[in-house]
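The values are calculated or read from the model by the stated rules, or taken from the named source; none is laboratory data. Bear in mind the structure is a predicted one, so any value in this text is a computation, not a measurement. Cβ: placed from backbone, ideal geometry, glycine included. Neighbour counts: every protein chain shown.
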Amino acid sequence: MEPLRALTSAMLPLLRSLYDEGLIDSDFTQSFLSGLTHYCRTGITPHYTYVQSRSLYCLSRGRYALHAKAAFSVLYPAAASQEPPLDPSVNPPYSDLFAILKNTGYLILPSYFCTSLVDEIAELLDRASHPDLLAPPPATLARYFLDGRKCLKSKLFQQIIQDKLIFQLVSDYLACEPLIDLVTAWRLMPIDPNSVDLSAEALQYHIDLDRAHFLKVFVYITDVCEDSGPHTFVPRTHLANAPSHIQDRRYMDHEITSLSVDTPLSILGFRGTVIIADTHCLHKGTLPVRSHRDIFQVEFCSSLFGAPYGKDILGLNQDIFRDVASS
Ligand SMILES: O=C(O)CCC(=O)C(=O)O
Ligand SMILES: [Fe+2]
């Protein structure tokens, strides 16, 4: 099916029901549909349409992601695997792992990658703090990033994209052939909490709304304990649910305890631990108290509709403009 037709017919019932509930007006609907048309013609999401897509997720209490998933799974069905299926006797079985991911929004694979793969990234980050640091960190900057080209060339990234279990989980979760739109690594520094912009550094609870449907694969590059900046999340908050925890903003810790949601979980683990995450779940990093925390991240998505990054990762498996090419 043609992308514009598939996207429009997936989104119209959602737009209609939000209109009927009085949550959006006809200008919103028209403007969003014309943004979709622009995207399908050019591969560029107008900024205003991107902002609307973030509101649609919140206004629809997550249903927006399900409608997008339905459209993209028809447009870009996962390619039939050439490989033999994953060994069904692995323990825990694949179906259990997938069920945990689907139901809680997160799956943790402890010490999954060997230390030599992750230590390469730690060394690159050590060096990045000296001459080739992208921007020297003033004391108020809690984190600094590794140059994206170094991430792409790393053995860890090559290993992640060849990993059968990860690939299967990502394509089953997205229910389509995944794109990679972000490959990054950063170091979180133990600096004075009073001087940090906690919101800007993703150190306050939030949900990620850059894409309609996506999955992040994090790898801990350093051993992470309670005081070295664990990634923290609230299980099951990715599911269409009560409106109170689906807002496009930062949340203070005490607000989370007052919402009727699961208890937040801090993920502790040795370096090499993999976290597969639907960060539509409420989540945040925590500021390390003693030693720095390094983390690697690959983001998989069903389409680049949304935030304006991801088009420069050409040359991977990407047919970035597939939405355009086939329209
Ligand atoms: O640093 C962290 O653990 C959180 C990062 C985050 O919010 C994200 O990658 O979406
Ligand atoms: Fe985030």
- Query: Any idea which of (1) in contact with a helix residue (DSSP H, G or I) (Cβ under 6 Å, 6 or more places away or on another chain); (2) modelled with pLDDT under 95; (3) surrounded by 18 or more Cβ atoms within 10 Å (Cβ to Cβ); (4) hydrophobic (A, V, I, L, M, F, W, C) is the one Ala175 doesn't satisfy?
  - Reply: (3)
- Message: For the range 187-206, which positions are surrounded by fewer than 21 Cβ atoms within 10 Å (Cβ to Cβ) and outside any loop (DSSP other than H, G, I, E, B)?
- Response: Pro193, Asn194, Ser195, His206
- Query: Does any residue of the range 88-107 turn out to be at pLDDT below 95 and over 30 Å from Ile221 (Cα atoms)?
  - Reply: no
- Note on the structure: Residues of the range 21-54 being part of a loop (DSSP other than H, G, I, E, B) and either closer than 24 Å to Arg249 by Cα or touching a Gly at 6+ places or on another chain (Cβ under 9 Å) (or both), in sequence order, are Glu21, Gly22, Leu23, Ile24, Asp25, Thr45, Pro46
- Message: Pull out all pairs, ordered by first then second residue, where Cβ-Cβ is under 9 Å, the residues are six or more apart or on different chains, the first lies in the range 211-234 and is closer than 12 Å to Val274 by Cα and within 12 Å of ligand 2 (Cβ to nearest atom), and the second is among the acidic types (Asp, Glu) and part of a loop (DSSP other than H, G, I, E, B).
- Response: Lys216/Asp208; Lys216/Asp278
- Item | Residue under evaluation Phe32, criteria (1) within 25 Å of the chain's Cα centre (by Cα); (2) in contact (Cβ under 8 Å) with a residue 60 or more places away in the chain, criterion not met | (2)
